[in-house]
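Colleague: Below you will find the structure I want to go over with you.
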Amino acid sequence: MLHLVLFTVFGLICVAGAINLLVQTHPINSALSLVVVMGSLAVEYLLLGAEFVAAVQVIVYAGAIMVLFVFVIMLLNAGAEERSKGSIVALMLGVPGMLVGSILTAWVLVKHSGTQPVALGALPGHPKDIAQLLFHDFLLPFEVTSILVLIAIMGAVVLASRPESIEKTKKEN
Amino acid sequence: MVPLFYYLVLSGILFACGVTGFLIKRNIITIFMSIELMLNGVNLSFVAFAAQWHALSGQVFVFFVMVVAAAEAAVGLAIIIAVFRTRETLNVDKVDLLKL
């Protein structure tokens, strides 16, 4: 019962944050509501018994990634969003198409859902077990992600640096 | 005891909010945040299914999704800075060099 109450409260906070992200026009307000979404999602992960994922969610998502976003918003001094006219053809075709698609998906889900309740706390989500899995069974993908992160760091540095500063370092060498 | 169904509904709502934001927003940074919202919705369903089937590999997959999201955020924000430097705007409708 307590689990259900916690799920409902934090689920509602989560959805409210997601809708606030859409409604706000200034990007900094959207970024802060995204932090709310990620924080309440961490609580949902805890309810599912995934302590490791909850901790990583707070540290990496709500911490590192969102700080990067807020930093870029402040760096670029982004103002409120300006509206522009959408295409009428896209509206005429898109809205009925989306309606048909969602009704079909909902019909399939309602018709064929044979889901059973999940027992909370039943999952052995101990960080030790995850480490065993990550550094043993998934060792190669883990090493590949380290290369991916390295490439991302180099790409970010090259993309964000000014062209004239690259020219300068070339001349100095 | 919370049914798996509820988690999937929450995950679907988050993903739908992300898709809507991606389509209706005009600020390039907010569009990027909508993508992060979609990734979070998918992560929630990963963890919910991992709990349902007592398979820890679902949580390991969430870890990989987070690593890819972090790399994507770093490169994407660098691209946004480069776009802003050359075009002086964050409005995606004004970045239309490849448009006919």
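Colleague: Could you tell me whether residue B:71 is surrounded by fewer than 22 Cβ atoms within 10 Å (Cβ to Cβ) and either at pLDDT 85 or above or in a helix (DSSP H, G or I) (or both)?
Modeller: yes
Colleague: So, one more: Just one of (1) touching a helix residue (DSSP H, G or I) at 6+ places or on another chain (Cβ under 6 Å); (2) open to solvent by 60 Å² or more (accessible area, probe 1.4 Å) trips up residue A:74, so point out which.
Modeller: (1)
Colleague: Another question, then. Show the residue pairs that are 6+ apart or on different chains and have beta-carbon atoms under 6 Å apart, the first residue being within segment A:6-25 and within 7 Å of chain B (Cβ to nearest Cβ), the second being among the small types (Gly, Ala, Ser) and crowded, with 18+ Cβ neighbours inside 10 Å.
Modeller: A:14/A:40; A:21/A:30; A:21/A:33; A:22/B:21
Colleague: Only one of A:49, A:39, A:17 is open to solvent by less than 50 Å² (accessible area, probe 1.4 Å) and on the phi > 0 side of the Ramachandran plot. Can you tell me which?
Modeller: The unique qualifying residue is A:49.
Colleague: Another question, if that's okay. Identify, from the list B:16, B:48, the residue that is open to solvent by less than 40 Å² (accessible area, probe 1.4 Å) and either of a type outside the set (Phe, Trp, Tyr) or more than 9 Å from every other protein chain (Cβ to nearest Cβ) (or both). Full working, then the answer.
Modeller: On the way: B:16 fails: open to solvent by less than 40 Å² (accessible area, probe 1.4 Å).
Answer to the check: B:48.
Colleague: Name the one entry in B:62, B:9 that is over 18 Å from residue A:69 (Cβ atoms), within 9 Å of chain A (Cβ to nearest Cβ) and buried (at least 17 other Cβ atoms within 10 Å of the Cβ).
Modeller: Just one listed residue meets the conditions, B:62.
Colleague: List the pairs whose first member sits in segment A:59-80 and is in a loop (DSSP other than H, G, I, E, B), whose second member is hydroxyl-bearing (Ser, Thr, Tyr), and whose Cβ atoms are under 8 Å apart, counting only residues at least 6 apart or on separate chains?
Modeller: That search, which allows pairs on different chains as well, returns A:80/A:25.
The values are calculated or read from the model by the stated rules, or taken from the named source; none is laboratory data. It should be emphasised that the depicted structure is a prediction, and the values quoted were computed from it without experimental measurement. Quick reminder, even Gly has a Cβ in these numbers, built from the backbone with ideal geometry, and neighbours come from all protein chains shown. Areas reflect the complete protein model, heavy atoms only, side chains present, ligands, DNA and RNA absent. Shrake-Rupley method; radii C 1.70, N 1.55, O 1.52, S 1.80 Å.
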